[in-house]
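The values are calculated or read from the model by the stated rules, or taken from the named source; none is laboratory data. Since the structure is predicted, the reported quantities are computational estimates derived from the model, not experimental observations. Note that each Cβ is placed from the backbone with ideal geometry, even for glycine, and that neighbours are counted across all protein chains shown.
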Amino acid sequence: MRVLVTGGAGFIGSAVCRHLVGAGIGVVNVDKLSYAANLASLASVAEDPLYAFERLDICDRAGLDRVFDRHAPDAVIHLAAESHVDRSISAAGAFVASNIVGTFTLLEATLAFLGRVPRARREAFRLLHVSTDEVYGSLGEGGAFTETSRYDPSSPYAASKAASDHLVMAWHRTYGLPAIISHCSNNYGPYHFPEKLIPLTILNALEGRELPVYGAGLNVRDWLHVEDHARALALLLARGRVGETYNIGGGCERRNIDVVRGICALMDRLAPKPFAHATLIRHVADRPGHDLRYAIDAGKIGVELGWRPVESFDSGLERTVRWYLDRRDWWEPLRHGVYGGERLGLVVSQAEPVP
């Protein structure tokens with residue numbers, strides 16, 4: 001079996017590539033290598049005969065046609081996306097281009113490829129579109145998102161992912177594309193680009209820099225270890241039902257301030273300084289449209305496929321902190337050459353002054 005993974009040099013994508021190759025499944029990684037992509041995350045599989053890399057923007061239809069014809073995949077896992085909410089606030093155009101136009105282009109290329117293969121291969125083919133719980137908007141203090149929750153995106157990122165979900169389901173219903181959609185909660189773990197909360201907090205703490213927390217830090221997220229997510233996606237590809245949506249969550253709800261404090265406690269133990277790391281915490285102005293709470297009901301994938309997260313948040317967070325302490329070789333080039341930890345997502349008014 002050979003799986004085409006879009007965005008395979010990203011955080012979740014690289015975990016999926018490593019998992020599939022480790023399971024003896026061929027992988028074709030299609031990635032344009034944007035700022036958050038990193039081929040160093042794939043060093044462990046880069047020389048494996050089961051792995052191939054194609055540098056390509058999924059908005060390039062002709063390029064996608066060539067890749068499909070060259071590798072003739074049996075399935076697609078679609079992960080390529082601009083994904084950082086803060087960046088979507090100040091530069092939404094890239095999210096529309098990649099997440100909406102790119103998904104449309106991939107769907108069209110996939111349909112064209114399926115029209116060129118024998119019927120048996122076409123019937124066995126699957127496209128798994130990986131989305132986010134952010135398409136559902138914000139929860140109150142109780143309840144959890146299910147597969148039938150109403151779409152209510154708050155950010156340009158969430159809106160672009162919601163649009164891509166609707167495209168995928170429309171292509172399934174209209175053209176018979178054998179597609180499955182998944183919605184995941186917040187991922188964390190090794191090889192995470194250091195603009196996101198957990199890696200940013202770890203690296204700032206290591207360097208003795210301020211630890212920014214948006215608002216009061218009371219926003220709640222359900223945390224899912226990226227390796228648990230990769231296992232879930234492999235299961236969905238193998239046994240998920242076409243035309244269905246599945247939610248994937250870690251069952252680990254935490255307030256942002258508690259996540260930061262937990263990292264501080266681990267840093268006090270694993271990389272102590274003359275002061276407590278929690279003294280570096282600084283509350284900063286909240287970002288616009290910051291959803292209060294996300295929580296996932298992952299009962300459907302549990303009942304149908306027997307998937308359960310293996311990693312608890314406490315064990316997974318300690319593993320993640322230890323990984324960043326041990327892997328300066330991976331993150332230092334990013335920290336000093338790509339993103340240095342500055343505040344993102346600030347809204348800059350484009351309005352012209354009234355004469």
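Filter segment 6-37 down to the residues that are assigned to a strand (DSSP E or B) and either closer than 19 Å to residue 103 by Cα or of a type in the set (Ser, Thr, Tyr) (or both) and list them by number. Residues satisfying the conditions are 6, 28, 29, 30, 31.
Residue 269 meets the conditions (1) outside any loop (DSSP other than H, G, I, E, B); (2) within 21 Å of the chain's Cα centre (by Cα) in every case but one. The failed one is (2). When segment 200-210 is filtered for residues that are surrounded by 23 or more Cβ atoms within 10 Å (Cβ to Cβ) and not polar (S, T, N, Q), the ones remaining, listed by number, are 202, 205.
The single condition from (1) closer than 26 Å to residue 255 by Cα; (2) modelled with pLDDT under 90; (3) not small (Gly, Ala, Ser) that residue 353 fails is (1). Within segment 8-22, is even one residue in contact with a helix residue (DSSP H, G or I) (Cβ under 7 Å, 6 or more places away or on another chain) and surrounded by fewer than 16 Cβ atoms within 10 Å (Cβ to Cβ)? No, segment 8-22 has no match at all. Only one entry of 291, 286 meets the criterion of being of a type in the set (Asp, Glu), in contact (Cβ under 8 Å) with a residue 40 or more places away in the chain and surrounded by fewer than 18 Cβ atoms within 10 Å (Cβ to Cβ), and that entry is 286. Residues that are hydrophobic (A, V, I, L, M, F, W, C), surrounded by fewer than 20 Cβ atoms within 10 Å (Cβ to Cβ) and not in a helix (DSSP H, G or I) within segment 221-260 comprise just one, 242. Pairing each residue of segment 250-277 that is of a type in the set (Phe, Trp, Tyr) with any residue that is outside any helix (DSSP H, G or I), provided the two are 6+ apart or on different chains, yields C-beta distances under 9 Å for 275/208. Taken over segment 238-268, the residue count meeting the criterion of being over 30 Å from residue 305 (Cα atoms) and polar (S, T, N, Q) is 1.
Of all residues in segment 53-84, those satisfying the criterion of being among the small types (Gly, Ala, Ser) and buried (at least 17 other Cβ atoms within 10 Å of the Cβ) are 63, 75, 80, 81, 83. Report whether or not residue 168 is among the β-branched types (Val, Ile, Thr) and under 16 Å from the mean Cα position of the chain (by Cα). Spelling it out, it is not the case that residue 168 is among the β-branched types (Val, Ile, Thr) and under 16 Å from the mean Cα position of the chain (by Cα). Only a single criterion out of (1) polar (S, T, N, Q); (2) closer than 26 Å to residue 38 by Cα; (3) out of contact with any Pro (no Cβ under 9 Å at 6 or more places or on another chain) is not satisfied by residue 201, namely (3). Of all residues in segment 175-228, those that are of a type in the set (Lys, Arg) and either within 16 Å of the chain's Cα centre (by Cα) or modelled with pLDDT under 95 (or both) total 2. Do we have any residue at all in segment 42-54 that's part of a loop (DSSP other than H, G, I, E, B) and in contact (Cβ under 8 Å) with a residue 40 or more places away in the chain? Scanning segment 42-54 turns up no residue that is part of a loop (DSSP other than H, G, I, E, B) and in contact (Cβ under 8 Å) with a residue 40 or more places away in the chain.
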